[in-house]
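One structure is given below, encoded as C-alpha cells.
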Amino acid sequence: MNKKIAYVRDRFVNAYWMLREGNFKLIVKSIWIELRDRIEAFHIWRHTRREVPESVMPWSRFVNRRKVVPPSYRPTVSRRMPEEPLKVDRDALVAQLRRSLATIELPGGVDK
C-alpha cells in the first residue's frame, strides 16, 4: 500500500509544480498519456486472460493487415538474358553530352 500512496503523492507533487510553472497543457497531456497507457494495459490483460493471440487484437497498431502471399510451389529460377550490343550512335551521344555540359554554369569555370 505504501507504494501506491507514494505513487499518488509523486503525481500530485509533479502536478503542483507544473501548475506553479504555468504548464497546464503538460498536465492535460500527461493525464491523457497515463489514461491511454492504462487502457492499453487493461486491453492486454483482458486479452491474455481469454487466451487470444496478440496478432488478432483489434486495437493493435502493430499488426500487418496485408494479405500474406503463400510461397510459390515451383522453385524460382533466374535466367541470364543474352547480351545485345548497344545501338547508340557514339558521335551523336558525345555531341549531346557536350551540349548539355555547355549549358551548366559552374562557379569558377570549367577546365577543358
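The values are calculated or read from the model by the stated rules, or taken from the named source; none is laboratory data. Being a predicted model, the structure only gives us computed values, none of them experimental. Every residue, glycine as well, gets a Cβ built from its backbone with ideal geometry; the counts of neighbours run over all protein chains shown.
A Cβ distance below 7 Å, combined with a sequence gap of six or more or placement on separate chains, defines the contacts here; from the range 22-34, residues that are surrounded by 11 or more Cβ atoms within 10 Å (Cβ to Cβ) reach residues that are outside any loop (DSSP other than H, G, I, E, B) in the pairs Leu26/Met18; Ile27/Ala15; Ile27/Met18; Ile27/Leu19.
A quick yes/no check of all residues on (1) modelled with pLDDT under 70; (2) of a type in the set (A, V, I, L, M); (3) in contact with a helix residue (DSSP H, G or I) (Cβ under 7 Å, 6 or more places away or on another chain):
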| residue | (1), (2), (3) |
| --- | --- |
| Arg46 | no, no, no |
| Val63 | yes, yes, yes |
| Pro71 | yes, no, no |
| Pro82 | no, no, no |
